[in-house]
Every structure is written in C-alpha cells, then in structure tokens.
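Every number in this text was worked out from the coordinates using simple rules, so none of it is lab data. Bear in mind the structure is a predicted one, so any value in this text is a computation, not a measurement. Positions of Cβ are generated from backbone atoms using ideal geometry, with glycine treated the same way; all protein chains shown enter the neighbour counts.
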Amino acid sequence: MITALLLDWMGVLGGAPDAGEMHDAVGRARQAGLATAIISNAGAWEWDHERDSLVDEVVLSGVVGLRKPDPRIYLLAAERLGRPPGQCVVIDDLTGNARGAVLAGMTGIVHRSAEETIAELTVLAPGVDWI
C-alpha cells in the first residue's frame, strides 16, 4: 500500500514541461490522504519557499547534508512524513536517483512524462483519483 509520494523538484515539479499536470497529481494525492514531500539537491539559498505549500515536507540537500541518490535522504524524508519506506514512491527524472530510492526500500519511478508517471501511480495507488 502506497501512503506517500516523494518528488524531485526540477525535473518533475519545477522545470518539466508538464509540471502543471504533476502539480495537479500531487494535489489529488494529498486530497486522498497520501503524504507528500519534495526532495531536492538544492541549497537553502536557492530555494523559493513559496513552493513549500505544495507538499507536506521539503528536504533540501543543502540543509540536511545529504544528496540524492544517497538512500539516507529518502529515508529522512520518509521519517519526516511518518511513513515506512516500503509505503513510499519516489518520482525523479534521473534513473540514478530512482535507484537510490529503491536501495532505501522504496518504489522508484523515473519520470519521463506526466502521462506515463500518472499511469504508473494509477497501478501503485488505485484508490486515488489521478485524473
């Protein structure tokens, strides 16, 4: 059972051409009761805190001293959300970062498009109205 989404900022929610669709998906996940977090290799000095309201937690490498794909950063995010790693899905546009999440005991999705990612989420969390 999936209870949390952990998402990359730049390649999924920020800089991706279909970021708006992923913002909507995060909103639907939160409405369904899933916990949400952004995990970014950004530093605090380059982070726009207006983004914080999109999710329940924000984990920044420059603040916590860990960088993706180190599995410990994913475990820290899961701990902050109060969710076991096996109930977390990490969405990142870099394969290595998704692999780091898998090493932490989570499900990793490599984001290529909102359509593909949402299709995968539909299988992993069928109780959420993703569309």
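Would you mind ranking Asp56, Asp8, Asp129 so that the residue whose beta carbon has the fewest other beta carbons within 10 Å leads the list? Show your work: numbers first, answer last.
Values: Asp56 19, Asp8 24, Asp129 10.
Placing the least packed residue first, the sequence is Asp129, Asp56, Asp8.
Let me see the pair-distance distribution of region 1-80: every alpha carbon pair, 5 Å bin width, integer percents in order.
That works out to 3, 15, 27, 27, 19, 8, 1, 0, in percent per bin.
List Ile38, Ile118 from most exposed to least, where exposure is judged by having the fewest other Cβ atoms within 10 Å. Kindly include the intermediate steps, with their values, before the conclusion.
On the way: Ile38 26, Ile118 18.
Going from sparsest to densest Cβ surroundings: Ile118, Ile38.
Just grab the label-to-label distance for Arg30 and Glu50, each label 7 Å out from Cα along the Cβ direction, in nm (one decimal).
1.6
Cα centroids of region 92-109 and region 4-74: how far apart, whole angstrom?
14
So, counting K/R as plus one and D/E as minus one, what does the shell of residues with Cβ under 14 Å around Gly33 add up to?
Charge balance near Gly33 sits at +1.
Can you sort His111, His23, His49 by how many other beta carbons sit within 10 Å, fewest first? Can you show the working numbers first?
Details: His111 23, His23 16, His49 8.
Ranking His111, His23, His49 by Cβ neighbours within 10 Å, fewest first, gives His49, His23, His111.
Return the FRET efficiency for the residue pair Thr122, Leu94: r is the Cβ-Cβ distance, R0 is 22 Å, and the value is rounded to the nearest 0.05.
Details: r = 23 Å, r/R0 = 1.03.
The pair Thr122/Leu94 has a calculated efficiency of 0.45.
At what distance in nm do the modelled label points of Glu79 and Val64 sit from each other, each positioned 7 Å from its Cα along Cα→Cβ?
Distance between the two pseudo-spin positions: 0.9 nm.
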